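Engineer: Dropping the structure in here first, questions after.
The values are calculated or read from the model by the stated rules, or taken from the named source; none is laboratory data. This structure is a prediction, so every number in the text was calculated from the model and none was measured. So basically every Cβ, Gly included, is an ideal-geometry build from the backbone, and we count neighbours across all protein chains shown. Surface accessibility is based on the protein's heavy atoms, side chains included, excluding ligands, DNA and RNA. Shrake-Rupley method; radii C 1.70, N 1.55, O 1.52, S 1.80 Å.
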Amino acid sequence: MYSMDERPETELVSIPVTPRMSTPERSPRIAVAASKSTTTCTPTSLISPRFLSPIGTPMKRVLINMKGYLEEVGHLTKLNPQDAWLPITESRNGNAYYAAFHNLNAGIGFQALLLPVSFAFLGWSWGIISLTIAYFWQLYTLWILVQLHEAVPGKRYNRYVELAQAAFGERLGVWLALFPTVYLSAGTGTALILMGGETMKLFFQIVCGPICTSNPLSTVEWYLVFTSLCIVLSQLPNLNSIAGLSLIGAITAITYCTMVWLLSVSQTRPPTISYHLLPTPSFTASVFSVMNALGIIAFAFRGHNLALEIQATMPSTFKHPAHVPMWRGAKVAYILIAMCLFPITIGGFWAYGNQMPAGGMLNALYGFHRNDISRGLLGTTFLLVVINCLSSFQIYSMPVFDSFEAGYTSRTNRPCSIWVRCGFRVLCGFISFFIGVALPFLSSLAGLLGGLTLPVTFAYPCFMWVLIRKPPKYSFNWYFNWTLGWLGVAFSVAFSIGGIWSMVTNGLKLKFFKPS
């Protein structure tokens, strides 16, 4: 039996050390007391300098530090060096507040102003039912995406396409997810240019009145002015850098949504108001109109293509995973979203019924009550919409900027210079402008966007949950997610057809209609 001073060095090294052990430096009195003890031998006494050999001391320190690091981090995350060059993952200092700001900015916007248009084709009952189902459905799929962000230890799915590749395979995941996510971002940017340009035109008319109408700008010119402002703001480098813009966008969205429905319900309703469904020339036209209306509702809850990207801006460790602040911020955001979307939809349809114009609540407010509401109040409402559209354009364009820069950095193996990054963002802005000029049908474009991108929000997350988490086959969870997923795919096809029909119909009306 060895005494303490004669114990072999190898035996000392083999004694386990707990992960929470403090550093080897200890007070002299404790070390002396430990050396006098011959009956007990604790791990803390054995890492004191008196009992560590010159070889064992640095090795033990390395092991203790490594254990503390693994306890803090939890797992070794494989980092792609290219991520440090891209706008989505360039900065990882996000938090729950940033998550709330970004989700609010993406979840509330001009699409809320179009929701009463859908009720003109669905009516009270089916409109409220459809809006409620869509809200809770997208809230469930958002929770799925938040949980799947780090579903595999050591891997963070920083982009929607990356998670789709993990679920559906490398090639199929790209085909299924890349087009709808990029199309949703670019299409939303186009719709924002349409809404922002038209609102700027109305704001100018309200503020100037008859004084400045001698040589006004055309609608296309207002689109160009709005696009130029968007391009200037888009020079902010990454997603975290626009958190302040998202906060401004969230505040303005909540404010103008509340103002619009309060102003609408406080005024006298039009004398010819009716809550009957809008008449259509045939049963087929009625079906397509309903599909387009449901597509508008689906488009109102878009934004899931940004959920993983927002979560990717947060630090994540084993003790403090990113899904905790992300879900905390998302819950607050979507409570406020419900408090905005439901009142403006129900209140707007109550105020205007099937007299609701295709442009949505702003057109109705201006068309019916521009002489009843003070110019200052009406102008403030329109200005808030413009500011919100400018803010929303930034967050929805960020995935497009990220895709452009990812292609450049993967080919050149170097980060984008300031001029290359600026060129990409100018190009993206003017592409959206030209699409908006070619397709100036906002409500129809919203229905088509909602239909084509519906799987991103309502279908793909359910499939991903089954394929990655693998719940027991034929269990309730398994049946529930497969059913929701295939329903989302079927609705996507139907809503897309309705959106295309509505665009074609509106295009023919615009081409052949001649005012009397």
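Engineer: What are the residue pairs meeting all of these: first residue in the stretch 387-415, first residue closer than 28 Å to ALA253 by Cα, second residue of a type in the set (Phe, Trp, Tyr), Cβ atoms under 7 Å, and 6 or more apart or on different chains?
Structural biologist: ASN388/TYR256; CYS389/PHE110; PHE401/PHE424
Engineer: Report, by residue number, each residue of the stretch 368-378 that is within 14 Å of PHE203 (Cβ to Cβ) and surrounded by fewer than 18 Cβ atoms within 10 Å (Cβ to Cβ).
Structural biologist: ARG370, ARG375, GLY376, LEU377 - these are the residues of the stretch 368-378 that are within 14 Å of PHE203 (Cβ to Cβ) and surrounded by fewer than 18 Cβ atoms within 10 Å (Cβ to Cβ).
Engineer: Can you pull out every residue in the stretch 386-436 that is open to solvent by less than 50 Å² (accessible area, probe 1.4 Å) and among the basic types (Lys, Arg)?
Structural biologist: Those that are open to solvent by less than 50 Å² (accessible area, probe 1.4 Å) and among the basic types (Lys, Arg): ARG421, ARG425.
Engineer: I want to confirm something. Restricting to the stretch 291-323 and keeping residues that are surrounded by fewer than 21 Cβ atoms within 10 Å (Cβ to Cβ) and in contact (Cβ under 8 Å) with a residue 40 or more places away in the chain, which single residue is nearest to the chain's Cα centre (by Cα)?
Structural biologist: Here the residue is HIS323.
Engineer: Given (1) within 28 Å of THR380 (Cα to Cα); (2) open to solvent by 50 Å² or more (accessible area, probe 1.4 Å); (3) at pLDDT 85 or above, identify the lone condition not met by GLU170.
Structural biologist: In the conditions (1) within 28 Å of THR380 (Cα to Cα); (2) open to solvent by 50 Å² or more (accessible area, probe 1.4 Å); (3) at pLDDT 85 or above, GLU170 misses (1) alone.
Engineer: Which of the residues that make up the stretch 479-505 are among the β-branched types (Val, Ile, Thr) and either at pLDDT 90 or above or open to solvent by 70 Å² or more (accessible area, probe 1.4 Å) (or both)?
Structural biologist: The answer is THR483, VAL489, VAL493, ILE497, ILE500, VAL504.
Engineer: For ILE231, indicate whether it is modelled with pLDDT under 85, farther than 19 Å from THR381 by Cα and hydrophobic (A, V, I, L, M, F, W, C).
Structural biologist: No: the conditions fail for ILE231.
Engineer: Select from the stretch 88-115 the residues that are farther than 15 Å from ILE337 by Cβ, in a loop (DSSP other than H, G, I, E, B) and not charged (D, E, K, R) and list them in ascending order.
Structural biologist: Scanning the stretch 88-115 gives ILE88, THR89, SER91, ASN93, GLY94, ASN95.
Engineer: Something else now. From the residues in the stretch 447-478 that are free of Cβ contacts under 8 Å to residues at least 60 places away in the same chain and farther than 21 Å from ALA166 by Cα, which one is nearest to the chain's Cα centre (by Cα)?
Structural biologist: So in the stretch 447-478, the residues free of Cβ contacts under 8 Å to residues at least 60 places away in the same chain come out as 459, 466, 470-478.
If we keep only those that are farther than 21 Å from ALA166 by Cα too, we end up with 474-476.
Details: TYR474: 32, SER475: 31, PHE476: 29 Å.
Only one residue fits best here, namely PHE476.
Rundown of residues vs (1) more than 19 Å from the chain's Cα centre (by Cα); (2) among the polar types (S, T, N, Q), yes/no style:
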residue	(1), (2)
ILE387	no, no
THR412	yes, yes
ARG421	yes, no
VAL426	yes, no
PHE430	yes, no
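Engineer: What do you reckon, is PRO515 open to solvent by 80 Å² or more (accessible area, probe 1.4 Å), more than 22 Å from the chain's Cα centre (by Cα), modelled with pLDDT of 90 or more and not acidic (Asp, Glu)?
Structural biologist: No: the conditions fail for PRO515.
Engineer: Could you list, ordered by first residue, the pairs with Cβ atoms under 9 Å in which the first is in the stretch 130-157 and in contact (Cβ under 8 Å) with a residue 12 or more places away in the chain and the second is surrounded by fewer than 17 Cβ atoms within 10 Å (Cβ to Cβ) and among the hydroxyl-bearing types (Ser, Thr, Tyr), at least 6 apart or interchain?
Structural biologist: GLU150/THR77; PRO153/THR77; GLY154/THR77; LYS155/THR77; ARG156/THR77
Engineer: Ok, one more. Quick one: ALA285 ticks every box in (1) within 30 Å of HIS102 (Cβ to Cβ); (2) part of a helix (DSSP H, G or I) bar one, so which box is it?
Structural biologist: (1)
Engineer: Answer yes or no: is there a residue in the stretch 251-269 that is farther than 28 Å from LEU377 by Cα and of a type in the set (Val, Ile, Thr).
Structural biologist: No: zero hits.
The rows are residues; the columns are (1) open to solvent by 10 Å² or more (accessible area, probe 1.4 Å); (2) in contact (Cβ under 8 Å) with a residue 60 or more places away in the chain; (3) under 17 Å from LEU114 (Cβ atoms).
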site: ILE248; (1), (2), (3): yes, yes, no
site: TRP261; (1), (2), (3): yes, yes, yes
site: SER264; (1), (2), (3): no, yes, yes
site: THR268; (1), (2), (3): yes, yes, no
site: HIS276; (1), (2), (3): yes, yes, no
site: PRO279; (1), (2), (3): yes, no, no
site: THR284; (1), (2), (3): yes, no, no
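Engineer: Here's another thing I want to ask about it. Condition check: within 30 Å of LEU277 (Cβ to Cβ) and open to solvent by 10 Å² or more (accessible area, probe 1.4 Å). Does TRP126 satisfy that?
Structural biologist: When the stated conditions are applied, TRP126 passes them.
Engineer: Taking LEU178 and the conditions (1) open to solvent by 20 Å² or more (accessible area, probe 1.4 Å); (2) more than 29 Å from ALA406 (Cα to Cα), which numbered condition does it fall short on, given that it satisfies the others?
Structural biologist: That leaves (2) as the condition not met.
Engineer: In the stretch 216-272, which residues are of a type outside the set (Ser, Thr, Tyr), assigned to a loop (DSSP other than H, G, I, E, B) and under 16 Å from PHE401 (Cβ atoms)?
Structural biologist: Matches in the stretch 216-272: GLN235, LEU236, PRO237, ASN238, LEU239.
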